[in-house]
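The values are calculated or read from the model by the stated rules, or taken from the named source; none is laboratory data. Note that the structure is a prediction, hence the values are computed from the model and not measured. Reconstructed Cβ throughout: ideal geometry from the backbone, glycine too, with neighbour counts over all protein chains shown. What goes into the accessible areas is simple: the full protein's heavy atoms, side chains included, and nothing from ligands, DNA or RNA. Shrake-Rupley method; radii C 1.70, N 1.55, O 1.52, S 1.80 Å.
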Amino acid sequence: MSMAAGDAVRTLRERLKTGRQELARQYEATGEAAYYLKQHVRLVDTALEELWRCFSPGPQAALVAVGGFGRGELYPGSDVDLLLLLPGAPEGEVAQRLEQLVGAFWDIGLEIGHSVRTVADCLAQAKEDITVETNLLENRFLVGDATLHQELVQAFRARLDAKAFLKAKRLEQEERYHRHQETPYSLEPNLKECPGGLRDLQNILWIAKAAGYGETWRDLKARSFIAPDEYLLLRQCEHFLQDLRIRLHLLAGRAEDRLLFDFQEALAQASGITPTTKRASEELMQAYYRNAKSVMQLNILLLQNLTAEIIPASRTPPVPLNERFQRVGDFLDIVTETVFDQTPSALLESFRLMQDFPELRGMTTRTLRALWQGRRHITAAFRGNAENRRLFLGILQARQGVVHELRRMNQFGILESYLPVFGQIVGQMQYDLFHAYTVDQHTLMVLRNLRRFAVEEFAHEYPYCSALINAFARPWVLYVAALFHDIAKGRGGDHSLLGMRDAREFCVDHKVAAKDTELIVWLVREHLTMSQVAQKEDLTDPSVIAAFAARVGNPRALTSLYLLTVADIRGTGPTVWNNWKARLLEDLYRATLSLLETGDTPGPQGIIQERQAEALRLLRYFALSETVHERLWRQLDTVYFLRHTAEELAWHTRALHYRIQIDKPVVKARIHQSGGIQVMVYTQDQTDLFLRQAGFFAQSGYSIAEAKIHTTRHGYALNSFILLNVFEENPKDEDMLAYLESELARMLEFALPVEVPAAGRLSRLSRHFPITPQVDILADEREASQYVLSLIATDRPGLLFHIARILAKRHVTLRTARINTLGKRVEDTFLISGRSLDQTAERLKLENELLEMLQG
């Protein structure tokens, strides 16, 4: 590089840096997105042209802006997409100068995405790759050989197939939607790629440009693809997203398009949002979700309009469905533009017809437009109309299409207009560590899960739930309960109790039968109960089952609560549901159902006799003698038999019947029916045994989901654990069984030192949603010498080990442990004992020490 060229690079680098800083300062003062994007392009254009003059590869080359840069938009952190267009393959001095030119682009501080191609290369690449074709569609000449650029433009336009381009872009959008779970309502959405993001708007303009219909929203309005009010809404939505993306890039200092929790509060403040009863970030995100909803509506309307124009359907006569609706091809259509004005109840009727005619693929554009406009007719009088109430309830009671139509109603503002209480949760954030969606989307996800139980093609997912719901009379009561179970979130107070009142009012207004009303209201009130009992209490304890059965009352209520609970947990997010939770819930359901159906509540001795008899039956399958159990069972007390299932009794007996007195530890591991690993440890009792086991499991990459700690009459520890794999990169459970057996036995036999698990940092989400730790120690109602330790905190690696270490230090014995993890929130319950616990002051010291550890 010559001295003059080096000076030019240094000058341009400083000019570019100063210019960007000035643009950022101006933007913070004015917030004019379109101005910023164009001025940023102009600033970079000037720098590129000057570099070209210093490093031009020759008079027959051209520098062309493509992609977003070619469109004339450049966000603070976006790449500068460039095409170096040549008449032939670069060789010799041309190749060398190209290398210097590209290096200079980087040297002045540009993040470039570049390609070096001939016209023929461009056409060949565009034919093979829709992304390349889209980039080239937005080409803009910068500097160099204008004739060569025109050759590219003409050749590209001549070979551009609007129909093929439309199909490819629609498929690309479907795939993009699928990657983002078909929803814009994730808590950290990508404002460029998510449904309802900038890409939805860009896709429309790309298709329009490819078809020759124009390049701007004004062009589409002029050709009547969009109505004047839709044009204004498009401009507002686009500006909202542009403003947010510019501010996000400036705030992050890089090309960041995800609205991460790290930035939401600062973004809200930069956007001038002041907190009210909600956080500023919550107000911002609610505005974002409503904007995304509008973008998706407009995207649907315009895609249908453009498709009808580019790929006209065969013109077949409309098929009348009734006086208000007709079928046009595969779409539902209104007979006249004024249908909803003349008959407002037709707003709800349209969705019922979509359910009655499942072969319909959607609604025509004019029907969707009229729906959007017609929502103004949904007034208090509309909601009080008996026919409208019948129609809405009918949508929930339909045999098919329930979720599809509720989602369509939500998409076009009909659902929140008809149910104003639902409107309050649209875009409502859930600031916790386990919900992955806004409240309205979580609600629709729960409905979707319930419906999937009832659909034959999904019966393989949860066969037991599918069998139950298909035998359940009037399953629509579950859908109503699901619709209202979280309806009162964000209002303050107990959302279950507040939601109960809303549910009752709905049922009374819609003339739901008294029995069904009581069930729906009860489900809304109790929708968290089954999960809490299953995950926090000892399901082998008959009193737990009896108390839960008394609360439920009858098999129909039990079945409905079980189905709603499974659907609810599965609808919180992809990481919360697991086989362990599924097993706990099913065990609780089956045990309670048996009690409700028989009405028999056997005492402890009766339960023990039943379990022992079943265990002996299982042992006979292994050709063991009738007395094989006697030596071991003589050493076990009532508590052991009550806390372990018959299958566990049989497993322990098979493993230990011939080695009751043994010096070496016995460790057995197997795949548990929950999908995790079950480990049995039998060894002479030793100091800090649970602490050592907890440390070993944590070091091995497992969390303890359940622990049953027992000491036999002759002083041996007989402990049982359910382990869940913490990290996806861990070996498969099947491959870890031998390792767990041999290594844990070796550690215990040779009293190897306890390895303290790596402390691990709190996750990013945990930092933004800190949980105030809670520790409570209360006397166990069933056993005077025992206490229940309840703990709520943010999960982190090695947490259980550190709890165990504190318990060991204070000579507290752990009897059982139930570990309940909801995302990054843990709600653990331990049954503990120890002489010191009988003193109130000692219990307070233990609580404080645990709290100090959890806060550290």
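Candidates Phe472, Phe484: the one that is open to solvent by less than 10 Å² (accessible area, probe 1.4 Å), of a type in the set (Phe, Trp, Tyr) and modelled with pLDDT of 90 or more is Phe484. Every condition in (1) within 23 Å of Phe225 (Cα to Cα); (2) part of a helix (DSSP H, G or I); (3) of a type in the set (Gly, Ala, Ser) holds for Ser350 except the one numbered (1). Scan (1) open to solvent by less than 20 Å² (accessible area, probe 1.4 Å); (2) within 30 Å of Ser281 (Cα to Cα) for the single condition Pro773 breaks and write down its number. Condition not satisfied by Pro773: (1).
Yes/no per residue for (1) in contact with a His (Cβ under 8 Å, 6 or more places away or on another chain); (2) touching a residue at least 12 places away in the same chain (Cβ under 8 Å); (3) buried (at least 18 other Cβ atoms within 10 Å of the Cβ):
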position: Asn135; (1), (2), (3): no, yes, yes
position: Phe141; (1), (2), (3): yes, yes, yes
position: Leu148; (1), (2), (3): no, yes, yes
position: Asp161; (1), (2), (3): no, no, no
position: Phe165; (1), (2), (3): no, yes, yes
position: Asp229; (1), (2), (3): no, no, no
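Restricting attention to region 259-300, the residues that are closer than 16 Å to Arg369 by Cα and touching a Phe, Trp or Tyr at 6+ places or on another chain (Cβ under 8 Å) add up to 1. Close contacts from region 249-261, counting a first residue that is farther than 17 Å from Leu110 by Cα and assigned to a loop (DSSP other than H, G, I, E, B) and a second that is at pLDDT 95 or above and aliphatic (A, V, I, L, M), with Cβ to Cβ under 8 Å and a gap of 6+ residues or different chains, come to Asp257/Leu191; Asp257/Leu248; Leu259/Leu191; Leu259/Leu244; Leu259/Leu248; Leu259/Leu267. Answer with yes or no whether Arg290 is of a type outside the set (Ser, Thr, Tyr), part of a helix (DSSP H, G or I), open to solvent by 60 Å² or more (accessible area, probe 1.4 Å) and at pLDDT below 95. The answer is yes for Arg290. Looking across region 629-655, the residues that are open to solvent by less than 20 Å² (accessible area, probe 1.4 Å) and either under 16 Å from Phe721 (Cβ atoms) or part of a loop (DSSP other than H, G, I, E, B) (or both) come down to Leu636, Tyr640, His644, Glu648, His652, Ala655. Looking at (1) within 26 Å of the chain's Cα centre (by Cα); (2) open to solvent by 20 Å² or more (accessible area, probe 1.4 Å); (3) at pLDDT 95 or above; (4) over 16 Å from Gln397 (Cβ atoms), which is the one condition that is false for Phe458? With respect to (1) within 26 Å of the chain's Cα centre (by Cα); (2) open to solvent by 20 Å² or more (accessible area, probe 1.4 Å); (3) at pLDDT 95 or above; (4) over 16 Å from Gln397 (Cβ atoms), Phe458 is out only on (3). Taken over region 61-79, the residue count meeting the criterion of being hydrophobic (A, V, I, L, M, F, W, C) and either over 19 Å from Phe156 (Cα atoms) or within 32 Å of the chain's Cα centre (by Cα) (or both) is 1. Does Arg375 satisfy the condition of being closer than 21 Å to Ile425 by Cβ and in contact with a Phe, Trp or Tyr (Cβ under 9 Å, 6 or more places away or on another chain)? It is true that Arg375 is closer than 21 Å to Ile425 by Cβ and in contact with a Phe, Trp or Tyr (Cβ under 9 Å, 6 or more places away or on another chain). Of all the residues that make up region 106-139, how many are under 21 Å from Ala61 (Cα atoms), part of a helix (DSSP H, G or I) and polar (S, T, N, Q)? Within region 106-139, residues that are under 21 Å from Ala61 (Cα atoms), part of a helix (DSSP H, G or I) and polar (S, T, N, Q) number 2. The set of residues from region 199-225 being open to solvent by 20 Å² or more (accessible area, probe 1.4 Å) and of a type in the set (A, V, I, L, M) comprises Leu205, Ala211, Ala222. Identify all residues within region 706-751 that are among the aromatic types (Phe, Trp, Tyr) and without any contact (Cβ under 8 Å) to a residue 24 or more places away in the chain; write none if there are none. If the condition is that a residue be among the aromatic types (Phe, Trp, Tyr) and without any contact (Cβ under 8 Å) to a residue 24 or more places away in the chain, then Phe750 is the only one that fits. Quick check on region 343-366: of everything there that is of a type in the set (S, T, N, Q) and free of Cβ contacts under 8 Å to residues at least 40 places away in the same chain, which residue is surrounded by the fewest Cβ atoms within 10 Å (Cβ to Cβ)? Applying the filter and picking the extreme gives Thr343.
Residues of region 487-499 that are open to solvent by less than 60 Å² (accessible area, probe 1.4 Å), closer than 18 Å to Pro420 by Cβ and touching a residue at least 24 places away in the same chain (Cβ under 8 Å): Ile487, Ala488, Lys489, Gly499. Entry remark, region 602-628: residues being more than 21 Å from Thr592 (Cα to Cα) and outside any helix (DSSP H, G or I) number 8 in total.
Being open to solvent by 40 Å² or more (accessible area, probe 1.4 Å), under 20 Å from Ala557 (Cα atoms) and not basic (Lys, Arg) is the filter here, so list the residues in region 506-523 that pass it. Those that are open to solvent by 40 Å² or more (accessible area, probe 1.4 Å), under 20 Å from Ala557 (Cα atoms) and not basic (Lys, Arg): Val508, Ala513, Ala514, Glu518.
Take Phe412 and decide whether it is farther than 27 Å from Tyr289 by Cβ, crowded, with 17+ Cβ neighbours inside 10 Å and within 32 Å of the chain's Cα centre (by Cα). Judged against the criteria, Phe412 is not a match. Screening Ser560 against (1) open to solvent by less than 20 Å² (accessible area, probe 1.4 Å); (2) within 25 Å of Arg713 (Cα to Cα); (3) in a helix (DSSP H, G or I) leaves a single unmet condition, (2).
All conditions but one from (1) touching an Asp or Glu at 6+ places or on another chain (Cβ under 9 Å); (2) touching a residue at least 40 places away in the same chain (Cβ under 8 Å) apply to Leu618; the one that does not is (2). Here Thr572 meets the list (1) surrounded by fewer than 21 Cβ atoms within 10 Å (Cβ to Cβ); (2) polar (S, T, N, Q); (3) at pLDDT 90 or above; (4) closer than 27 Å to Gly493 by Cα almost entirely, failing just condition (3). Checking the condition touching an Asp or Glu at 6+ places or on another chain (Cβ under 8 Å), of a type in the set (D, E, K, R), open to solvent by 20 Å² or more (accessible area, probe 1.4 Å) and within 22 Å of Val477 (Cβ to Cβ), which residue from Arg389, Arg407 passes? So the residue among Arg389, Arg407 that is touching an Asp or Glu at 6+ places or on another chain (Cβ under 8 Å), of a type in the set (D, E, K, R), open to solvent by 20 Å² or more (accessible area, probe 1.4 Å) and within 22 Å of Val477 (Cβ to Cβ) is Arg389. Go through (1) β-branched (Val, Ile, Thr); (2) crowded, with 18+ Cβ neighbours inside 10 Å; (3) under 29 Å from the mean Cα position of the chain (by Cα) and name the single condition Thr131 misses. Thr131 satisfies all of (1) β-branched (Val, Ile, Thr); (2) crowded, with 18+ Cβ neighbours inside 10 Å; (3) under 29 Å from the mean Cα position of the chain (by Cα) except (2). Residues in region 535-552 that are open to solvent by 20 Å² or more (accessible area, probe 1.4 Å) and free of Cβ contacts under 8 Å to residues at least 60 places away in the same chain: Leu539, Ala546, Ala547, Ala550, Arg551. Cβ-Cβ contacts under 6 Å between residues 6 or more apart (or on different chains), taken from a first residue in region 121-132 that is closer than 16 Å to Lys167 by Cα and modelled with pLDDT of 95 or more to a second residue that is open to solvent by 50 Å² or more (accessible area, probe 1.4 Å) and in a helix (DSSP H, G or I), are listed as Val132/Gln125. On inspection, Arg279 does not qualify as modelled with pLDDT of 90 or more, among the charged types (D, E, K, R) and open to solvent by 10 Å² or more (accessible area, probe 1.4 Å). Considering region 168-198, and only residues there that are modelled with pLDDT under 95 and charged (D, E, K, R), the residue that is most open to solvent (accessible area, probe 1.4 Å) turns out to be Arg179.
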